[in-house]
């Protein structure tokens, strides 16, 4: 699909297209260290950071002579390299210490470990991923971050009912079409047919999640897609077809602060 057609779609949605130079971001792992102490440690090594203004534990890397991923602080699990807007999903779900929480498509573990952190290593996080090869990274990150309340299953989220568990809260970071900031030649690789196909798969995942969500339970849906079929239109469908209540939805357009993201919060009636 031609780039100009996508850009026109975005303009109609209220965004003036741009290709930003996105800042790198990390999430401080407060299970192991405070944001203030980590900032001091990084500053002593010449890594300058600044607070992300729309999430609690996030930092932008403003200046660094080497990759944060090669630092002792990263290897000790003091931080997780995570897109700024992506950090908003777990915060929006706002899990409590006694909750049973589901992370549907968990690998490599950014949101699962964030949920664990917000729950102070209490309650339970069930983390699913259908691709066995991705579980290595997931398990490694769980261990590195010191998360003790996460149980990992190698199953498709569509089959989550087979676990026989009902959840207080669910995070569905759905497989999606992505966007142009995440993949080279994205515009040449995508078309509306493929986007609609992804939206259909996302609907199936939403239905599977509803089947295991407790009454009055909360579900946060997120994607890194910019396409309305995968975001707002899916939320309209969930309200109409799944009898869910939409509490909020937010679009993060690509900017210097993030690569583009979408979040929505729903409650089961």
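Over all Cα atoms in the chain, the spread is summed up by Rg and Dmax: 18.4, 54 Å.
Of all DSSP beta bridges in the chain, what percent run antiparallel (nearest 5)?
Restricted to the chain, the bridges split so that about 60 percent are antiparallel.
Derived value for segment 214-269: Kirkwood hydrodynamic radius 11.7 Å. Basis is the mean of 1/r over every pair of different alpha-carbon atoms. Take 185-193, 164-172, 226-234 and order them by the average number of nearby Cβ atoms within 10 Å per residue, most first; the result is 226-234, 164-172, 185-193. Averaging 1/r across all pairs of distinct Cα atoms in segment 91-153 and inverting the result yields a Kirkwood radius of 11.2 Å.
Across segment 87-268, C-alpha contacts under 8 Å between residues 6 or more apart give a mean separation that, scaled by the residue count, equals a relative contact order of 21 percent. Computed over the chain, the per-residue total of -39500 (n - 2.57) for DSSP H runs of n ≥ 4 gives a 222 nm mean residue ellipticity of -9000 deg cm²/dmol, rounded to 500.
Spin-label model, residue 139/residue 267: points 7 Å from Cα along the beta carbon direction are separated by 3.9 nm. When the alpha carbon gyration tensor of segment 24-81 is reduced to an equivalent ellipsoid, the three semi-axes, largest first, read 15, 13, 10 Å. Specify the inter-centroid distance of segment 1-35 and segment 226-265, based on alpha-carbon positions, in whole Å. About 14 Å separates the Cα centre of segment 1-35 from the one of segment 226-265. In segment 152-234, the alpha-carbon atoms span a convex hull of 107 Å³ per residue.
Readers should treat all values here as calculations from the given coordinates under stated rules, not as data from a laboratory. Worth saying up front: this structure is predicted, and the values here are computed from it rather than measured. Methodologically, a virtual Cβ is constructed for each residue, glycine included, from the backbone with ideal geometry; neighbour enumeration extends over all protein chains shown.
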